[in-house]
Amino acid sequence: MASPTVKPVLRTDYQRSVADYWNREKDPVNIKLGEVDGLYHHHYGLGQYDPAVLEAPLAVRDQAIIAEMHRLETAQAEVLLDAFGDVPVRGHLMDGGSGRGGTSFMANARFGALVDGVSISEQQVAFANDQAVERDVADQVRFHFKNMLDTGFETGSFNGIWTNETTMYVDLQQLYGEFARLIAPGGRYVCITGCYNDLTGGRSRAVSQIDQHYICNIHPRSEYFRALADNGFVPISVVDLTPETIPYWELRAKSSVATGVEDPFLTAYKEGSFHYLLIVADRI
Ligand code: GPP
Ligand code: MG
């Protein structure tokens, strides 16, 4: 007898191309930073860097800059997690687009919460699950090859969900429809994202260059609030983190692990066509 139809995780050519990108990705800008302390991030940094790293003796300068960039990326994840406020011990959180797992491990360590991360990259899922074993938290932090637009997780089974720089890969109405189903009433959604400024009239050249670099589709700012409201989410806090992320990009541009995307980010932020936003919204 035929088994019930299981929907494939990757459903479009676009999703397959994004998965392919992340399955191959082994960029030193992420791997070397992760090796500093074993937390592998796929997001940018927040806060001032210590200018002394740029003057460190040549033999250790490169490593000092990398460690400083990593510190700022970890600080970014702390800001995201701060926005959850209190999460019950053994509460249940989801990481939408979990990468190599950095933010998920921090959430588990901070709250004692059970965390499920989802990613459409099988390589990232495997890497993050290996990290969970290495960190001895595989019973509490699990990574799944799943599509965050349609996870198959139980309705109302999460206290909270976050997306750390992943929403530019998906349709926001579909995403927040699924998150509204997953988060129990009173639960919280926390997002850090880059979005373009509707007030400047469209996607600037620099924003298009960022899209092209990552094969993503950066949304206008207004789309976030429309899609959240349409799906039963009420914002409680919106913070423009742009001034706090610019130092990270300035340091990254001077580092040995710069990738070429630094100029478009700095141009877009400084000209005002792009913002780095924290959005916190509650499920009603
Ligand atoms: C990647 O982080 C983040 C994205 C691909 C999303 C794009 C983000 C925006 C704010 C537009 P990463 O750590 O994998 O990137 P990199 O390799 O450049 O450090
Ligand atoms: Mg990175």
Residue check: is Y49 within 14 Å of ligand 2 (Cβ to nearest atom), in a loop (DSSP other than H, G, I, E, B) and of a type in the set (S, T, Y)? no
Looking only at region 24-34, and only at residues there that are surrounded by 15 or more Cβ atoms within 10 Å (Cβ to Cβ) and either of a type in the set (S, T, N, Q) or not in a helix (DSSP H, G or I) (or both), the one that is nearest to ligand 1 (Cβ to nearest atom): N30
Scan of region 222-244 for residues that are touching a helix residue (DSSP H, G or I) at 6+ places or on another chain (Cβ under 7 Å) and crowded, with 19+ Cβ neighbours inside 10 Å, ordered by number: Y224, A227, L228, N231, F233
Return only the number of the condition from (1) loosely packed, with under 14 Cβ neighbours inside 10 Å; (2) among the hydrophobic types (A, V, I, L, M, F, W, C); (3) touching a helix residue (DSSP H, G or I) at 6+ places or on another chain (Cβ under 7 Å) that V60 does not satisfy. (3)
Which residue pairs have Cβ atoms under 9 Å apart, sit 6 or more places apart or on different chains, and have a first residue in region 43-60 that is closer than 20 Å to A77 by Cβ and within 16 Å of ligand 1 (Cβ to nearest atom) and a second that is in a loop (DSSP other than H, G, I, E, B) and among the acidic types (D, E)? H43/E165; Y44/E165
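Would you mind listing the strands (runs of 3 or more DSSP E) fully within region 121-235 where at least 3 residues are in contact with a His (Cβ under 8 Å, 6 or more places away or on another chain)?
By residue number, 158-164, 183-196.
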Within 15 Å of ligand 1 (Cβ to nearest atom), of a type in the set (K, R), more than 29 Å from G186 (Cα to Cα) and assigned to a helix (DSSP H, G or I), is that true of R71? yes
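Only the coordinates and a few stated rules stand behind these numbers; no lab work does. The model shown is predicted, which means the values in this text are computed figures rather than measured ones. Quick reminder, even Gly has a Cβ in these numbers, built from the backbone with ideal geometry, and neighbours come from all protein chains shown.
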